[in-house]
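Readers should treat all values here as calculations from the given coordinates under stated rules, not as data from a laboratory. Please read all numbers here as calculations on a predicted model, not as lab measurements. Quick reminder, even Gly has a Cβ in these numbers, built from the backbone with ideal geometry, and neighbours come from all protein chains shown.
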Amino acid sequence: MSERILITGAGGFVGRHVIEALLDRPGKVHRIFAACRADCGAFPASVEPVAFDVTEPQQIQRVVAETKPTTILHLAAIAATQDAQKDRGYTWSVNLTGTMSLAEATLTSVPDARFIYIGSAEVYGSTFQVQSGPLNEDATLRPTTSYAASKAAADLLVGQMVHSGLNAVRFRPFNHTGPGQTTRFVVPAFASQIARIEAGLQPPVIKVGNLEPARDFLDVRDVVRAYVQAIFAEDLRPGSIFNIASGTPRKIASVLRGLCDLSRVEIAVEQDAGVLRRNEVMSATGNAEAGRSALDWQPRIPWEETLRDVLEEHRNALRA
């Protein structure tokens, strides 16, 4: 059966990679509805944009009723930790209340549709500090930021609504990066500065915070492949939860070193106390065996290729 897929947050970093991946599967997709706010930019001609504000329940109900999707991929969220901290009320309105409105609209208009909720591994929070090794999906949710708390609440809400008939699958992806990500995140932030240094637009110095924390980094294109697998999988159990992770922790220092190794000039690194975070989790790694088994998924893209692609994107942007 050809799928009718409604993607919320379609204009964002991950959403555009999802659309690209779906367009590579001709014959399996009947319609793609790209739901985002009016300023989301252009999409390929075969993708139908729909106006969508996740904080407006009536608008959500109308969009779901009109598009009649067989799958809803819910990406829309306030995703940057610093943005979530600045406006907690709006963050909870988008991340929790918006998710609830979309899930309720799904039950009302398309109760058989698969609802794929994209959460975050940040929901595990301080559990990383008290439990060693890669966490699996049974780990306790102990969020430590406004962003993580709102995502944890939405995650639990979706899980509860499975008992009300919602055909839901939940993902908890670990850190992912790649072309198209904004400089509010660490890898493109470093890459942007390196590209500017190479172009002579800033001194050959990068100021950093704490480089010791380790994170489980993935290429966004690998992460998206797991989401697409979930769209087409025929036998996923409602209520399934999947970590998307490599199982390999990488220190921020090694990320920066990898990018500097790709640089065409010598770069100095200086620590800036002004960008240090309080109570930072020092290591966060995930166990993705459930997703490997159910979705036949595993990371494929070499980390060095990811870094090279992100850096080259910022070099090209300066040439344009």
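Stretch Leu23-Ser293 to full length: gain in nm at 0.36 nm per residue minus the Cα-Cα span?
94.7 nm
Rounded to the nearest 5, what is the percent of antiparallel bridges among the DSSP beta bridges in the chain?
Working: 2 of 39 bridges.
Antiparallel bridges make up about 5 percent of those DSSP assigns within the chain.
Using Cβ contacts closer than 10 Å as the measure, can you line up Ser246, Ser240 from fewest to most?
Ser240, Ser246
Trypsin sites (Lys or Arg not before Pro) within the stretch 137-200: which are DSSP loop residues with at most 14 other Cβ atoms inside 10 Å? Let's see the in-between values first.
On the way: sites: Lys151, Arg170, Arg184, Arg196; in loops: Arg184.
For trypsin sites (Lys or Arg not before Pro) across the stretch 137-200 that sit outside H, G, I, E and B with at most 14 neighbouring Cβ atoms in 10 Å, the list reads Arg184.
Based on the alpha-carbon gyration tensor of the stretch 88-199 and its eigenvalue square roots a ≥ b ≥ c, which shape applies: rounded if a/c is under 1.5, prolate if not and a/b is larger than b/c, or oblate?
Prolate, because a/c is 1.5 or more and a/b exceeds b/c.
Using Cβ contacts closer than 10 Å as the measure, can you line up Glu305, Glu234, Glu313 from fewest to most?
Ascending Cβ contact count within 10 Å gives the list Glu234, Glu305, Glu313.
Between 0 and 90 degrees, rounded to the nearest ten: what's the tilt of helix 146-162 against the longest Cα principal axis of the chain?
The angle comes out at about 30 degrees.
Full-extension gain between Glu212 and Glu304, please, as 0.36 nm times their residue separation minus the C-alpha to C-alpha distance.
Extra length available between Glu212 and Glu304 comes to 31.2 nm.
Using the count of nearby Cβ atoms within 10 Å as a rough guide to exposure, how do Val18, Val265, Val220 rank from fewest to most? The partial results should precede the final answer.
Details: Val18 26, Val265 11, Val220 23.
In increasing order of surrounding Cβ atoms, one gets Val265, Val220, Val18.
For the chain, just give the cysteines left without a disulfide-compatible partner, judged by no other Cys Cβ under 4.7 Å.
Taking the Cβ cut-off of 4.7 Å, the unpaired cysteines of the chain are Cys260.
Determine which lysines satisfy two conditions relative to Lys151: a Cα distance under 20 Å, and not lying fewer than 8 residues away in the same chain.
Counting by Cα, and skipping residues close in sequence, Lys151 has these lysines nearby: Lys86.
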